[in-house]
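To start, the structure under review is shown below, and the notes come after it.
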Amino acid sequence: MEVLEVLRRAYQDELLDALRAERAAEGVPYPHVRALLQEVAARERAHAEAIAEALRKRGASLPPAPKAGEEGWEAMLRLLSEEGFDRAYYLESTFPDPELEALFTRLGQEEKLNQEAVRKAVVLIGGNV
């Protein structure tokens with residue numbers, strides 16, 4: 001897969017994760033748990049913007065924004081699952097471009113924060129993950 005395709009997919013994935021976190025937060029009755037999910041959403045949107053900047057720098061257009069089908073608990077559990085995959089993907093990806101290598105390393109490290117925050121939200125709401 002070429003670099004631009006990898007970036008386009010990562011961009012859409014980050015936006016989708018942001019949407020899932022936002023939708024999960026909407027249904028949470030506890031302000032402190034809602035805040036955790038909103039922090040995740042903000043980090044995911046920042047990730048999408050960093051990837052968008054990498055695309056623009058290479059003269060590429062942004063792909064269309066995805067739509068999240070999940071809501072509430074389903075969105076939260078899907079987000080928890082995806083964060084683990086995202087983290088592994090980013091940390092295992094290699095690029096000949098040192099700038100992209102650094103970007104994906106940083107995103108992988110931040111995905112760990114997201115995964116921990118979502119896991120904490122699930123546990124606080126009453127899940128056993």
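Structural remarks
- For segment 1-123, with +1 on Lys and Arg beta carbons and -1 on Asp and Glu, the positive-most of LEU77, ALA10, ALA54 along the dipole: LEU77
- Charge dipole (segment 1-125, unit charges on Cβ, about Cα centre) - positive-most of PRO64, VAL33, GLY108: VAL33
- Just so you know, the Cα atoms of the chain work out to an Rg and Dmax of 14.7, 46 Å.
- At R0 = 30 Å, FRET efficiency that the Cβ-Cβ distance of GLU71 and THR94 yields, to 0.05: 0.25
- Charges were assigned to the Cβ only: +1 to each Lys and Arg, -1 to each Asp and Glu. The resulting dipole of the chain about its Cα centre is roughly 220 debye.
- Excluding ligands, DNA and RNA, the accessible surface per residue across segment 7-53 is 43 Å² with a 1.4 Å probe.
- MRE, 222 nm, helices only [DSSP H, n ≥ 4, -39500 (n - 2.57), over the chain, to nearest 500]: -27500 deg cm²/dmol
- Here segment 36-129 exposes an accessible surface that is 54 percent carbon and sulfur, computed with a 1.4 Å probe and the other protein chains kept in place.
- For segment 58-129, the list of trypsin sites (Lys or Arg not before Pro) that fall in a loop by DSSP and count at most 13 other C-beta atoms within 10 angstrom reads ARG58, LYS67.
- Rounded FRET efficiency, nearest 0.05, which uses the C-beta distance separating SER81 from SER61 and R0 of 22 Å: 0.15
The values are calculated or read from the model by the stated rules, or taken from the named source; none is laboratory data. Predicted model only: the values in this text are computed from it and were never measured. All Cβ positions, glycine included, derive from the backbone under ideal geometry; neighbour counts span all protein chains shown. SASA here: full protein model, heavy atoms, side chains in, ligands and nucleic acids out. Shrake-Rupley method; radii C 1.70, N 1.55, O 1.52, S 1.80 Å.
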